[in-house]
1. Search the range 78-92 for residues that are hydroxyl-bearing (Ser, Thr, Tyr) and pair each with any residue that is part of a strand (DSSP E or B) and surrounded by 15 or more Cβ atoms within 10 Å (Cβ to Cβ) when their beta-carbon atoms are under 8 Å apart and the residues are at least 6 apart or on different chains.
2. Please report, ordered by residue number, the strands (runs of 3 or more DSSP E) entirely within the range 29-80 with at least 1 residues that are basic (Lys, Arg) and surrounded by fewer than 12 Cβ atoms within 10 Å (Cβ to Cβ).
3. Which residue, of ALA22, ALA50, is more than 15 Å from the chain's Cα centre (by Cα) and modelled with pLDDT of 95 or more?
4. Can you tell me which residue in the range 81-103 is surrounded by the fewest Cβ atoms within 10 Å (Cβ to Cβ), limited to those that are in a loop (DSSP other than H, G, I, E, B) and touching a Ser or Thr at 6+ places or on another chain (Cβ under 9 Å)?
5. So which pairs qualify, if the first residue must be in the range 99-119 and touching a residue at least 24 places away in the same chain (Cβ under 8 Å) and within 19 Å of VAL4 (Cβ to Cβ), the second must be aromatic (Phe, Trp, Tyr) and open to solvent by less than 90 Å² (accessible area, probe 1.4 Å), the Cβ gap must be under 6 Å, and the two must be at least 6 apart or on different chains?
6. So, in the range 1-28, of the ones that are exposed (fewer than 10 other Cβ atoms within 10 Å of the Cβ) and touching a residue at least 12 places away in the same chain (Cβ under 8 Å), which residue ends up nearest to ILE113 (Cα to Cα)?
7. If I go through the range 1-28 residue by residue, how many of them are closer than 16 Å to HIS97 by Cβ, touching a Phe, Trp or Tyr at 6+ places or on another chain (Cβ under 8 Å) and either charged (D, E, K, R) or outside any helix (DSSP H, G or I) (or both)?
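The values are calculated or read from the model by the stated rules, or taken from the named source; none is laboratory data. Please read all numbers here as calculations on a predicted model, not as lab measurements. Ideal geometry is used to build each Cβ from the backbone, glycine not excepted, and the neighbour counts take in all protein chains shown. Surface areas here come from the heavy atoms of the whole protein model, side chains and all, with no ligands, DNA or RNA. Shrake-Rupley method; radii C 1.70, N 1.55, O 1.52, S 1.80 Å.
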Amino acid sequence: MRYVMLLEAAQPATPPPAELMAAIMKLGEEATAAGALLDNAGLLPSAAGAKITVTGGALSVTDGPFAETKEMISYALYETRTREEAVEWASRFMKLHRDLWPAWEGECRLLKIMGPEDF
């Protein structure tokens, strides 16, 4: 099963601590070695993006930035045997933020990617 983890956070007042970045790199290496982490990257602010919508049969494109209070700041793509395993990897990632950047606040959304087992 594949899951995408989306990290959202308010714009932090300070850059992430070096210890946090080192711990994230170590966790990423661990998840890659376990065969769970397939891909990950940071995302630019919504000002660099666009939103494409269909309403009443009309297609429209709106350039960013968008008025959300939080920005999607990174993603990770995992392949795991169970939902619980994916939750465990995401929880470990969030615990690093809690423990190494106490002022940081954000949330992680873990979404299952549709696969053959879903049909």
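1. Filtered contacts from the range 78-92: TYR78/TYR3; TYR78/VAL4; TYR78/MET5; TYR78/LEU37; THR80/TYR3.
2. 50-55
3. Just one listed residue meets the conditions, ALA22.
4. Going through the qualifying residues, I end up with ALA103.
5. Once the first residue is touching a residue at least 24 places away in the same chain (Cβ under 8 Å) and within 19 Å of VAL4 (Cβ to Cβ) and sits in the range 99-119, its partners that are aromatic (Phe, Trp, Tyr) and open to solvent by less than 90 Å² (accessible area, probe 1.4 Å) give LEU110/TYR3; LYS112/TYR3.
6. Among those that are exposed (fewer than 10 other Cβ atoms within 10 Å of the Cβ) and touching a residue at least 12 places away in the same chain (Cβ under 8 Å), it is GLN11.
7. 7
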